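For reference, the structure is listed below as structure tokens.
Every number in this text was worked out from the coordinates using simple rules, so none of it is lab data. Because the structure is predicted, anything quoted here is derived from the model rather than measured. No Cβ is skipped: glycine too gets one built from the backbone with ideal geometry, and neighbour counts run over all protein chains shown.
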Amino acid sequence: MKISRRNFLSGGTGLAAGVFAPGLSGLLGKTDESASRPPTPPNLDPDATILLKGGTILSMDDDVGDFESADILIQGSKIAEIGPDLAHDGTTIDASDMIVMPGFVDTHRHMWQGAIRNILPDGTLGDYMEHITGNARSVFRPQDAYIGDLVSALGAIDAGVTTVLDWSHIGNSPEHTDAAIEGLKASGIRGVYAYGVGTPGERNRFPDDIRRIRNGFFHSEDAMLTLALAAGINAGQWKLARDVGVRITVHVNGTGDLLPLADELGPDVTCIHCANLLDDEWQLLADSGTSVSIAAPIEMQMGHGTPPILKAQSFGIKPSISVDVETQMPGDFFTQMRSFFSLQRLQVQQQGDPERDRPRVPMMSVRDVVELATMQGARDNGLDKVTGSLTPGKKADIILLRKNRINVTPVNNPYGAVVLGMDTGNVDTVFINGVIKKWKGTLVDVDFDRIRSEVVASRDHIVSNAGWPKQSDGSFIPSAGN
Ligand SMILES: [Zn+2]
């Protein structure tokens, strides 16, 4: 039954009229059945008006500013107004125990790998290319791409990531590509689908299939998904992307590889990793307005090289943040921000003589890293007019983070609490495009039991066909060195 707003508000819920209170979902000693039932979000029309009341607002928009306590008015899919004591005639959500901020924006994640999360924890980049983009990818079926994308996207939403670029190099066949897009769509996340190469074979249509994909899935300007080409360092592929009118995203791990494409770089290109670039290449990126995405934890763990955070900044480039692979790292942005923040400050301390070396870059602040995790990601995904900050007129991609949890109580610096104290457990409520996707700590409209059984079946298919027997501890791929 669809409950109208008026019915819901007078429905004897025991809450103050019209006020839904995200927050502590159970009190100590409370054991009745209702305490374990997932809370139901307000059932709202798509064009409903919602007031987020009294939250600590980190807008990431200098014109809006931050507030210790203020309101956000959401009308339909968009943010209508931000400020103290806003008037409204819609539903009110009590945000007084919340930090309210834009959702995180990931600029590079291989979401098709959702079924093989944490499978290669000790692996290097070489191990990854042998086992994951080698062995495992070759046995993927379209349904494995679908469920992989879906669980990766739902994990992202659960962690407050509201926009993600899916670097989808599972283009084994058009059916694989279409299934990955369907998985992404089914999650309700805002996304950039970056079509990429898969395992070579007769059915692989990369890169020319991008024309079919654009015409089949990406007509609407207002859609939740936009299209990009997950390209190689290849002038022909970049030309195709520009002919089709989509952004270019490319892994750059080598040294000197970008020099032959000097004239092809530009603001529609995002280069990923960039740990081993020459200074001449950095200068080309800076001069051309090319953006840079860094996956700091993965680069440190797998051996891409030192994440070039300070290097990018010394050339005036703000890097965005990417998870990259969940085979070896979690999909949340708290892990990412802490890695960025700590590593950049170490790199500043290790700078050489400021007179002799490039201009000295200051230590990153906690606010700086939140900006990279939100607004800079939106810029690099070509979505800065749509998301990345709490700005009237932008889409309502908003997260509510619990201040009343033991890991951050009491909050004495909101940015510090978000970056250094919080984790996915603090992500109470998530709006994407004005729709509630997570409510009081639980994903909304997600049949977790069904999805779990599908993803386990997919994992079982992949590991058995990849020839990975289960080890005595329940793992599949032997640890490096074994
Ligand atoms: Zn990658």
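Annotation for Thr124 and Val456: the two label points, set 7 Å from Cα along the Cα-Cβ direction, are 3.6 nm apart. Relative to the compact-globule estimate of 2.2 N^0.38 Å, the Cα radius of gyration of segment 104-380 comes out at 0.96.
In order along segment 63-70, the phi-based Karplus estimate (6.51 cos²θ - 1.76 cosθ + 1.60, θ = phi - 60°) of 3J(HN,Hα) comes to 6, 8, x, 10, 9, 5, 8, 7 Hz; Gly and Pro are listed as x.
Counting only trypsin sites (Lys or Arg not before Pro) that sit in a DSSP loop (anything but H, G, I, E, B) with at most 11 other Cβ atoms within 10 Å, what is the longest stretch of the chain containing none of them? My reading of the result: 31-355 is the longest stretch.
Once the Cβ-Cβ distance of Asn43 and Arg212 is raised to the sixth power relative to R0 = 45 Å, the FRET efficiency obtained is 0.75.
Subtracting the Cα-Cα distance of Asp449 and Leu278 from 0.36 nm times their residue separation leaves 56.6 nm of extension gain. Rounded to the nearest Hz, the phi-derived 3J(HN,Hα) couplings of segment 319-334 under the Karplus curve 6.51 cos²θ - 1.76 cosθ + 1.60 (θ = phi - 60°) are x, 9, 10, 9, 6, 6, 10, 8, 5, 9, 9, x, x, 8, 9, 5, where x marks glycine and proline.
Close amide H contacts of Thr92 (hydrogens built in the peptide plane, cut-off under 5 Å, sequence separation of 5 or more or a different chain): Phe20, Leu51. Farthest towards the positive end of the charge dipole of the chain, among the residues Val444, Thr226, Ile406, is the Cα of Val444, using unit charges on the Cβ of Lys, Arg, Asp and Glu. On C-alpha positions alone, give me the angle between the axis of helix 142-158 and the longest principal axis of the chain, in degrees, nearest 10. Helix 142-158 sits at roughly 50 degrees to that axis.
On the beta carbon distance between Arg242 and Lys318, with R0 = 25 Å, the FRET formula returns roughly 0.55.
Overall, the chain carries a charge dipole of about 800 debye about its Cα centre when +1 sits on the Cβ of Lys and Arg and -1 on the Cβ of Asp and Glu, all other atoms neutral. Taking GluC sites (Glu not before Pro) as exposed when DSSP calls them loop and at most 11 other C-beta atoms lie within 10 angstrom, the chain has its longest site-free stretch at 1-201. Pairs from the table (Lys318/Lys437; Lys239/Lys311; Lys53/Lys440) lying more than 21 angstrom apart at Cα are Lys318/Lys437; Lys239/Lys311. Taking 7 Å steps out from each Cα toward its Cβ at Ser138 and His88 produces label points 5.5 nm apart. The Kirkwood hydrodynamic radius of segment 192-291, based on inverse pair distances between different Cα atoms, is 14.3 Å.
Around the Cα centre of segment 51-201, unit charges on the Cβ atoms of Lys, Arg, Asp and Glu (plus for the first two, minus for the last two) sum to a dipole of about 720 debye. This ranking places Asp332, Asp106 by how few other beta-carbon atoms lie within 10 Å of each, fewest first, which gives Asp332, Asp106.
In this simple spin-label model, placing a label point 7 Å from the Cα along the Cα-to-Cβ direction at both His219 and Gln471 gives a separation of 5.0 nm.
Given charges of +1 on the Cβ of Lys and Arg and -1 on the Cβ of Asp and Glu, with all other atoms neutral, how large is the dipole of segment 332-405 about its Cα centre, in debye to the nearest 20?
Dipole of segment 332-405, to the nearest 20 debye: 360 debye.
Take every Cα pair under 8 Å whose residues are at least 6 apart in sequence, average their separation, divide by the length of segment 104-380, and the relative contact order is 20 percent. Computed over every Cα-Cα pair of the chain and binned at 10 Å starting from 0, the pair-distance distribution P(r) comes out as 4, 20, 29, 26, 15, 5, 1, 0 percent. Backbone geometry of segment 289-306 corresponds, through the Karplus equation with coefficients 6.51, -1.76 and 1.60 at θ = phi - 60°, to 3J(HN,Hα) couplings of x, 5, 9, 10, 10, 10, 10, 4, x, 5, 5, 5, 6, 8, x, 6, x, 5 Hz, x marking Gly and Pro. Compared with the alpha-carbon gap, the fully stretched path from Met300 to Arg367 is longer by 21.8 nm at 0.36 nm per residue.
Take Trp468, Trp167, Trp112 and order them by how many other Cβ atoms sit within 10 Å, fewest up front.
Least crowded to most crowded, the residues run Trp468, Trp167, Trp112.
Principal-axis analysis of the Cα atoms of the chain puts helix 235-244 at an angle of about 40° to the longest axis.
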